[in-house]
2 protein chains.
Amino acid sequence: MNDQAPSGRAGRGGRDAKRAARLAAAAAHIPFITRNIPYYEVLSEEGLALIEHNADTVLEEIGIDFKDDAEALQIWKDAGADVQGERVRFPRGLCRSLVATAPREYTQHARNPSRSVVIGGKNTVFAPNYGSPFVRDLDGGRRYGTIEDFRNFVKLTYASPWLHHSGGTVCEPVDLPVNKRHFEMVYAHMRYSDKPFMGSVTHPERAQDTVDMCRILFGDDFIDPMTGKPKTVTTSLINANSPLTWDATMLGALKVYARNNQACLITPFILAGAMAPVTQLGTCTVTLAEALVGMATVQLINPGCPVIMGSFASSISMQSGAPTFGTPEPAQVLYIMAALARRLGVPFRSGGGLCASKVPDAQAAYESANTMLPTCLGGVNFVLHTSGWLEGGLTVSYEKFMMDCDQAGSFHALLAGVDISENGQAMDAIREVGPGKHFLGCAHTQANFETAFFRSSLADNNSAEQWEAEGSLDMVARANAQWKKVLADYVAPEIDPGVDEALREYMDRRRASFPDSNV
Amino acid sequence: MNDQAPSGRAGRGGRDAKRAARLAAAAAHIPFITRNIPYYEVLSEEGLALIEHNADTVLEEIGIDFKDDAEALQIWKDAGADVQGERVRFPRGLCRSLVATAPREYTQHARNPSRSVVIGGKNTVFAPNYGSPFVRDLDGGRRYGTIEDFRNFVKLTYASPWLHHSGGTVCEPVDLPVNKRHFEMVYAHMRYSDKPFMGSVTHPERAQDTVDMCRILFGDDFIDPMTGKPKTVTTSLINANSPLTWDATMLGALKVYARNNQACLITPFILAGAMAPVTQLGTCTVTLAEALVGMATVQLINPGCPVIMGSFASSISMQSGAPTFGTPEPAQVLYIMAALARRLGVPFRSGGGLCASKVPDAQAAYESANTMLPTCLGGVNFVLHTSGWLEGGLTVSYEKFMMDCDQAGSFHALLAGVDISENGQAMDAIREVGPGKHFLGCAHTQANFETAFFRSSLADNNSAEQWEAEGSLDMVARANAQWKKVLADYVAPEIDPGVDEALREYMDRRRASFPDSNV
């Protein structure tokens, strides 16, 4: 495993140096992880089957509300569901059978084909933080996010060898009007990165703008010559209004993306005890029921359109009702939902570096690790919030972003598994060294040392004396220096100037066509 | 799951209040964890069998050195091994067949029978930090440990509902002479706690002092009436001199404990690349070979004497050769060694809250969590270093001790597993609430809320505004206040005054019988 920040190796000036930096950055990356270790399963076959049965009972007896969306109600009526007002009840097994047309895994194409990701199966894709209105750094503290912050996090994601996906709302650019923010957000992913990204979901028109901008970016390549359908070039986050409700905003975006063959990440967002029962099985039952309906809705609109089954579950504080993170119960929910997704045959999203801490301290790290390790062991295919999360998602931190990226690097080595080849067994080395000697100089150690261990770019393993001599910097202070260096060394990926101009023209024309608004 | 620090509930004055506090503390504890979740296995049957085969090849072809211990060499000659000088080679399968007399699990008795622990099988026992010469706290920074620090950590361990075992060298009391330190250390575990503890291993006579003091502490109860042998009342740490060497000091302590039916924790201590090959399989092969020989030696001396197979493995920094912690490769070694211990039918020790950080910052927490979660998922039976570790074990931190104890609490909830009963399924709650409502007030939530989620005593889940109003304290600052309160509220468990006097007399007599020395 290699070190952080290949862009750091680049010289500063000159086009040749920049091109070299780009090549180096590309060479250091793998586009996504294919796991070579088993899944961790916390629940028995009996328990999993119980949840599946109960979810079907919920869908049959209680049903799901579709709010303010007559079209969705009609789609379900036509599919054979029982529609009473806005309440839809589903014959046992209907949703599951509809989801059968969803692919087990799909390719989300990036404008740089070497960055395209395969989501599902044995693959893991790391994406950064999503949705925070606030940003924090060690120098400036906590403040509202801006489009400048947004671009910075896109650049930091691009530069990290451990993040495979540019994500979506890496922070909220609160300095732009709500109804026009999405243009600069989508453009930032397109311009400052060449990794795959997510689309806008806050209004159907914003979803359509995302698709139209992708059409410009990918050009002739947007339509798959094999299928005649658009290629999947976005994966977008469609949250349920738990419990058991889908609303018009999310359904509106879902329909735009489904009709354009763009992947929908269907995620019930559950604070257990509020949007679902406090128990793990209760939480899983509600999550599965809602997700089945969301995914089936996509399949009814466009059979075969990629979907991801999502699960975002948190426990809550007994004292305050506030969400808590990194606790064991949501980790158990994650393991269970991952197993249910495998049984259903769809890609799975959950986890990330979740925490409730206000600063990137030990609490933040314990909680993030206690979520990320289950994320990796449980078999999450698409990991949103891999890096940067603080404060239940309200804040994205520059320092925590770097720390979490470093952790993501270590998970690459974990998921790579164990080498059982002759070289892995190392019997020649044991024979060569023998009792009482050391292995540092032996041929096997020399041959394997560079790649044997994951090397953190932020952990300090020096002696206390050396650490003190270097200023007694804690991990946050080291991360602060690191993100500044990575941004200073950032070199944008190349883009066709004509495409860039067409994107800017599209945005200018659309922005001029309606007034600013903050709803 | 309940909150931290039951001793905090006690009043300060009066014997009644103290007795009440003792009862409350006892009531809040469970003596050890019995897991109700599956093990995580990283390696296939094929891989595990390869390691077992290779370890036998190492023992047969290369062998193990026994340094300066003619008695051990004779024991092995008599057992059928090939002894050439200090090198002992073992017929294939011999060590494994000798280890068959070791119990799969054993009870380590505490002087308070409700604190006795069962080590092995599906059980997990958490013990604190071991062996640090330095201590650190937020107020005083880093300094050499003293007997006062030692007593403080025994008291903090006693007060924690999440630590089951008092451990051993919770820190080095550097203010006492090396050759007499063990008296006050063993006495502190006996007097300031009633949890089970570890014995001295730095010299055979110090092991014998430990046994003799146990004889006084347990009195007539020391000999098991069923077997006529001493009851197992200590578990003591016997480290190999890796690679492939056992030395006279450790063997001397091993023989004393084995002859007195006291448990031996046989631990190869491996920095991969130094004491073993850099690969996971190479590390596991050396570890298994050394541990097999250590455990078989115990069985040759006293068949049936409890042993634990230990594995302490770390990767090392490519830059400096310093040990690194919380990295993925040692976690994989842990999973593998745990599986090998289960196949061998012996209890397993590994893991803990290991880290290389100099302070209890995010690095410390990431690394500790990345070791402790595998410790729990992999199936470690005896967890040394659960709390307090910093700086590769050179330092024990008061604040990290509290933070790690809090984490240990969360692992109780993780290991308790998932409730699949009707109450766990919570279908009535889902029926009662229905779409678009919330579960906070429903009957099921009310009935289950107290016990539904692990409640951290150190995590801050409040809003940023409230957190700032309360002084913007990070987790270390909160832990600093917590350990001071726990020590202030500490009430010692009762001890028979006659036993206490006899222990002090024993120590005084022994201490007077030879001069102080620092070797």
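Points worth noting:
- Checklist (1) farther than 30 Å from A:Trp162 by Cβ; (2) touching a Leu at 6+ places or on another chain (Cβ under 9 Å); (3) not β-branched (Val, Ile, Thr) applied to A:Ala127, failing item: (1)
- Among the residues making up segment B:341-368, those that are part of a helix (DSSP H, G or I), aliphatic (A, V, I, L, M) and under 19 Å from the mean Cα position of the chain (by Cα) are B:Ala341, B:Ala364, B:Ala365.
- Residues being farther than 15 Å from A:Gln425 by Cα and either charged (D, E, K, R) or within 7 Å of chain B (Cβ to nearest Cβ) (or both) - total across segment A:437-457: 7
- Taking segment A:466-503 as the range and being facing chain B (nearest Cβ under 10 Å) and either part of a helix (DSSP H, G or I) or surrounded by 16 or more Cβ atoms within 10 Å (Cβ to Cβ) (or both) as the test, the residues that pass are A:Gln466, A:Trp467, A:Glu468, A:Leu473, A:Asp474, A:Met475, A:Val476, A:Ala477, A:Arg478, A:Ala479.
- B:Ala362 being among the hydrophobic types (A, V, I, L, M, F, W, C), facing chain A (nearest Cβ under 10 Å) and surrounded by 24 or more Cβ atoms within 10 Å (Cβ to Cβ): yes
Condition check ((1) without any contact (Cβ under 8 Å) to a residue 40 or more places away in the chain; (2) within 18 Å of the chain's Cα centre (by Cα); (3) surrounded by fewer than 24 Cβ atoms within 10 Å (Cβ to Cβ)) across all residues:
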site	(1), (2), (3)
B:Val170	no, yes, no
B:Pro177	no, no, yes
B:Met198	no, yes, no
B:Pro204	no, no, yes
B:Phe218	no, no, yes
B:Thr227	yes, no, yes
B:Pro243	no, no, no
B:Trp246	no, no, no
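- When segment B:284-321 is filtered for residues that are outside any strand (DSSP E or B), of a type in the set (Ser, Thr, Tyr) and either in contact with a strand residue (DSSP E or B) (Cβ under 7 Å, 6 or more places away or on another chain) or crowded, with 24+ Cβ neighbours inside 10 Å (or both), the ones remaining, listed by number, are B:Thr285, B:Thr287, B:Thr297, B:Ser311, B:Ser317.
- Close contacts from segment B:131-145, counting a first residue that is surrounded by fewer than 13 Cβ atoms within 10 Å (Cβ to Cβ) and a second that is among the polar types (S, T, N, Q), with Cβ to Cβ under 8 Å and a gap of 6+ residues or different chains, come to B:Asp139/B:Asn480.
- Qualifying positions in segment B:257-270 - surrounded by fewer than 24 Cβ atoms within 10 Å (Cβ to Cβ) and within 14 Å of chain A (Cβ to nearest Cβ): B:Phe269
- Residues of segment B:47-57 that turn out to be within 7 Å of chain A (Cβ to nearest Cβ) and of a type outside the set (S, T, N, Q), as a count: 2
- Among the criteria (1) without any contact (Cβ under 8 Å) to a residue 40 or more places away in the chain; (2) over 23 Å from B:Leu271 (Cα atoms), the one B:Gln363 does not fulfil is (2).
- Test: residue in segment B:257-265 that is within 30 Å of B:Asp496 (Cα to Cα), part of a loop (DSSP other than H, G, I, E, B) and among the charged types (D, E, K, R): no
- Residue that is in contact (Cβ under 8 Å) with a residue 40 or more places away in the chain and closer than 24 Å to A:Tyr40 by Cβ, where the choices are B:Ile336, B:Ile266, B:Ile308: B:Ile336
- Pick from segment B:58-97, criterion within 13 Å of chain A (Cβ to nearest Cβ) and of a type in the set (A, V, I, L, M), ranking: farthest from A:Glu432 (Cα to Cα): B:Val88
- Strands (runs of 3 or more DSSP E) (entirely within segment B:110-227) containing at least 3 residues that are out of contact with any Gly (no Cβ under 8 Å at 6 or more places or on another chain): B:117-120, B:123-126, B:141-144
- Positions within segment B:404-440 being of a type in the set (Ser, Thr, Tyr) and either over 30 Å from B:Trp162 (Cα atoms) or in contact (Cβ under 8 Å) with a residue 12 or more places away in the chain (or both), in sequence order: B:Ser410
- Candidate set from segment A:415-436 (those that are of a type in the set (D, E, K, R) and part of a helix (DSSP H, G or I)); member that is nearest to the other protein chains (Cβ to nearest Cβ): A:Arg431
- Leading residue by the ranking (farthest from A:Thr283 (Cα to Cα)) among those in segment B:446-480 that are among the small types (Gly, Ala, Ser) and within 25 Å of the chain's Cα centre (by Cα): B:Ala479
- If the condition is being surrounded by fewer than 24 Cβ atoms within 10 Å (Cβ to Cβ) and under 30 Å from A:Asp474 (Cα atoms), then segment A:322-359 contributes A:Ala322, A:Pro323.
Bear in mind these aren't lab numbers, they're just calculated from the coordinates by the rules spelled out. Predicted model only: the values in this text are computed from it and were never measured. Backbone-built Cβ (ideal geometry, glycine too); neighbour counts: all protein chains shown.
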